[in-house]
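Notes follow once the structure below has been shown.
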Amino acid sequence: MRLDRFLWFARLAKTRSAAQALAERGTLRIDGRRIDRAHCPVRIGSVLAFAQHGEVRVLRIEALPVRRGPAPEAQALYTRLDGNAEGSAAKPVDATDPPQ
């Protein structure tokens, strides 16, 4: 699955264009590799690391979505590995957010 579609389906980005902007910004990593294109494939077991709202988020993909469903369905797609005990849901990325 394309990275930008996963970010949007998993509700990590508010819009598909915001997901593309996040991927193309060059600050996102998949399995330790720096990513600078939105069409990079992600798979179950891939580890995503990126800055969002002043914190570094590290996520392991547990399932690939078939649709953009409600928040509980989206949260089941990944596991947070960054040690943040609060819920997996965070404010989605907006294309107007400044790069961090």
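The values are calculated or read from the model by the stated rules, or taken from the named source; none is laboratory data. Please read all numbers here as calculations on a predicted model, not as lab measurements. Counting neighbours? That spans all protein chains shown, and the Cβs are built from the backbone with ideal geometry, glycine included. The accessibility values were calculated without ligands, DNA or RNA, using every heavy atom of the protein model including side chains. Shrake-Rupley method; radii C 1.70, N 1.55, O 1.52, S 1.80 Å.
Listed values, structure above:
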quantity: Hey, residue 96 exposed (fewer than 13 other Cβ atoms within 10 Å of the Cβ), hydroxyl-bearing (Ser, Thr, Tyr) and modelled with pLDDT under 95 or not; calculated: yes
quantity: Test: residue in region 33-51 that is open to solvent by 80 Å² or more (accessible area, probe 1.4 Å), hydrophobic (A, V, I, L, M, F, W, C) and in contact with a strand residue (DSSP E or B) (Cβ under 8 Å, 6 or more places away or on another chain); calculated: yes
quantity: Tally of residues being on the phi > 0 side of the Ramachandran plot and among the β-branched types (Val, Ile, Thr) across region 1-48; calculated: 0
quantity: Meets criteria (open to solvent by 20 Å² or more (accessible area, probe 1.4 Å), modelled with pLDDT under 90 and of a type outside the set (Asp, Glu)) for residue 15; calculated: no
quantity: Strands (runs of 3 or more DSSP E) (entirely within region 1-67) containing at least 1 residues that are closer than 13 Å to residue 77 by Cα; calculated: 47-52, 55-61
quantity: Residue, nearest to the chain's Cα centre (by Cα), within region 53-66, restricted to residues that are of a type outside the set (Gly, Ala, Ser) and more than 16 Å from residue 43 (Cα to Cα); calculated: 57
quantity: Enumeration of residues in region 66-85 that are surrounded by fewer than 13 Cβ atoms within 10 Å (Cβ to Cβ) and within 13 Å of residue 6 (Cβ to Cβ); calculated: 66, 67
